[in-house]
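Heads up, the thing below is written out as structure tokens.
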Amino acid sequence: MSNDKYTNEELLKILKEYYNKNNKAEQRDFCNNNGLPSFQTYIKRFGSWNKAKSLIGIPISIRVEYNITPELIIEKFKKLVNELGKIPSSEELNKIKGFPSFPIICKHFDNYNNFVESCGFSYNKLSNGKLKKEFLLNEIQRFVKEFNKIPVQTDFENLKGYPTRKTFSNHFGYFNDAVRLAGFEPLNLNEKEYAEKYRNKEYLSGIINSYINKYDKIPTLDELIKEHNNFYSLKSLYEQVYGGWNKALVELELPLNRVSHHPDEFLESEFHRFVAEHGRIPTYIEFNNSEYPSFWCYQNRFDSWNKAVVNYGYEPNDENRKYTLDDGEICASSYEFDISTWLKNINIIYDRDVNYIDFIDNYKGKMNCDYVIHHNDKLWYVEMAGFLRGTDFNKFSNAEKKYYFKLKYKRKLLRRQGVNYLIIEPCDLKKKSLEEIFFFLFLEEEKEVN
């Protein structure tokens with residue numbers, strides 16, 4: 001309903017009552033979506049917001065922003081657009097603390113559209129408020145002309161007047177993909193490209209031998225990863241090429257890093273103790289960094305964890321198996337195998353095991369996201385919580401409890417970042433089809449707003 005329904009007297013009465021109740025009356029408080037007349041109505045009727053306040057005796061504070069220059073406003077706005085990855089509406093801008101108010105902008109630029117144009121933006125660069133890929137590619141080309149070099153993603157961390165590194169990642173998945181589409185060859189390989197180039201025995205055996213020659217000792221996998229700048233995908237490379245780190249050492253006729261000194265009777269009794277306490281057989285993860293002997297003890301004694309399970313008279317459970325797809329992707333469970341196979345069959349593009357540090361602001365840990373799905377120019381972050389086989393927290397093992405809180409923390413990070421995300425538990429797969437779970441893949445693509 002139009003604000004023309006209010007008389008001047010009614011507008012002043014509403015403003016006075018709001019001030020008396022809240023001991024403040026700011027422009028951002030008066031907008032149509034909270035049931036109050038908009039502040040624009042007051043400006044239209046009384047000439048300015050402060051004039052309306054002065055008519056009913058509300059104190060008027062002198063704002064420092066009246067002395068702000070147009071050049072500084074433009075600089076602040078460009079930085080804001082790069083941080084948001086979009087051009088905010090005038091209403092959104094008015095709610096951002098610390099930014100010059102809408103009347104100040106109109107004082108210098110007449111109206112909001114003129115202001116946006118003065119900052120070097122125009123609405124033909126936008127789609128639903130999001131920066132279009134064409135605009136981002138032009139920004140890379142502008143960078144090359146300005147700095148006479150091909151950018152790496154760190155160049156866009158705090159570069160004034162340019163989109164952030166994260167903005168490129170959100171739209172292209174990998175920064176290098178954006179560089180290539182802009183017509184340049186990237187200077188550095190990203191993690192996915194590194195894996196594709198070095199997924200071979202010559203490279204993987206070579207870096208082990210180089211480490212031995214340099215330090216006169218056989219490295220652990222963690223030591224080798226640290227030697228190569230914490231490149232954690234080395235673990236995945238050894239799994240894909242050799243079937244695992246220990247199998248690589250065996251094939252290279254090198255001794256294993258870990259040897260069990262526990263007697264057979266103790267290993268067996270500990271295994272049966274877990275079964276008695278939890279009513280099921282353990283997964284290998286639950287025998288790592290816990291009160292129980294390391295699963296390496298069992299693997300070294302029986303050649304594999306599953307062989308140990310069979311030796312003690314049990315059937316291996318699904319969580320102890322690994323599945324390898326034709327393209328080399330390794331799935332940690334049948335749940336992941338089914339999801340990956342299904343996504344490939346319907347031609348959905350996705351990345352596996354993407355580090356949270358690549359898309360969560362101010363995160364410094366080593367957690368990975370199981371799937372990052374690319375669909376309709378959007379990214380969906382998907383976690384397969386296959387380790388949670390039940391819902392009764394009191395029956396969880398220590399490893400399950402640790403996993404539960406880790407998953408809870410992931411959910412908090414995803415919510416805080418404001419990304420599209422989905423967490424799938426085994427019970428979801430029993431109750432719903434994959435089409436129902438991945439509903440967003442079948443929604444019609446939003447039409448662009450002209």
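Key figures for this structure:
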| item | result |
| --- | --- |
| From the options SER290, SER260, residue that is farther than 30 Å from ALA385 by Cβ and modelled with pLDDT under 80 | SER260 |
| Conditions (1) assigned to a helix (DSSP H, G or I); (2) assigned by TED's automatic domain parsing to the domain that holds PRO426: number failed by GLU336 | (2) |
| Condition broken by TYR66, with the remaining ones in (1) under 30 Å from THR164 (Cα atoms); (2) hydroxyl-bearing (Ser, Thr, Tyr); (3) at pLDDT 80 or above satisfied | (3) |
| Every residue from region 134-166 that is free of Cβ contacts under 8 Å to residues at least 60 places away in the same chain and either part of a loop (DSSP other than H, G, I, E, B) or aliphatic (A, V, I, L, M) (or both) | LEU136, LEU137, ILE140, VAL144, ASN148, LYS149, ILE150, PRO151, VAL152, GLU157, ASN158, LEU159 |
| Some residue of region 417-434 being assigned to a helix (DSSP H, G or I) and under 22 Å from the mean Cα position of the chain (by Cα) | yes |
| Residue in region 432-445 that is within 22 Å of ARG165 (Cβ to Cβ), modelled with pLDDT of 90 or more and either touching a strand residue (DSSP E or B) at 6+ places or on another chain (Cβ under 6 Å) or of a type outside the set (S, T, N, Q) (or both) present | no |
| Which numbered condition LYS125 fails, given (1) surrounded by fewer than 13 Cβ atoms within 10 Å (Cβ to Cβ); (2) at pLDDT below 75 | (1) |
| Of residues in region 187-219 being assigned to a loop (DSSP other than H, G, I, E, B) and surrounded by 14 or more Cβ atoms within 10 Å (Cβ to Cβ), the one modelled with the highest pLDDT | PRO219 |
| Where LYS132 falls short, out of the listed (1) modelled with pLDDT of 80 or more; (2) closer than 26 Å to ILE73 by Cα | (1) |
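To keep it simple, each residue is scored yes or no on (1) under 12 Å from the mean Cα position of the chain (by Cα); (2) outside the structural domain of THR167 (by TED's automatic domain parsing); (3) part of a strand (DSSP E or B).
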| position | (1), (2), (3) |
| --- | --- |
| TYR350 | no, yes, yes |
| VAL354 | yes, yes, yes |
| ASP361 | yes, yes, no |
| TYR371 | yes, yes, yes |
| HIS374 | no, yes, yes |
| TRP380 | yes, yes, yes |
| GLU383 | yes, yes, yes |
| GLY386 | no, yes, no |
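The values are calculated or read from the model by the stated rules, or taken from the named source; none is laboratory data. Keep in mind it's a predicted model, so treat the numbers as computed, not measured. Glycine gets a Cβ as well: all are built from the backbone with ideal geometry, and neighbour counts include every protein chain shown.
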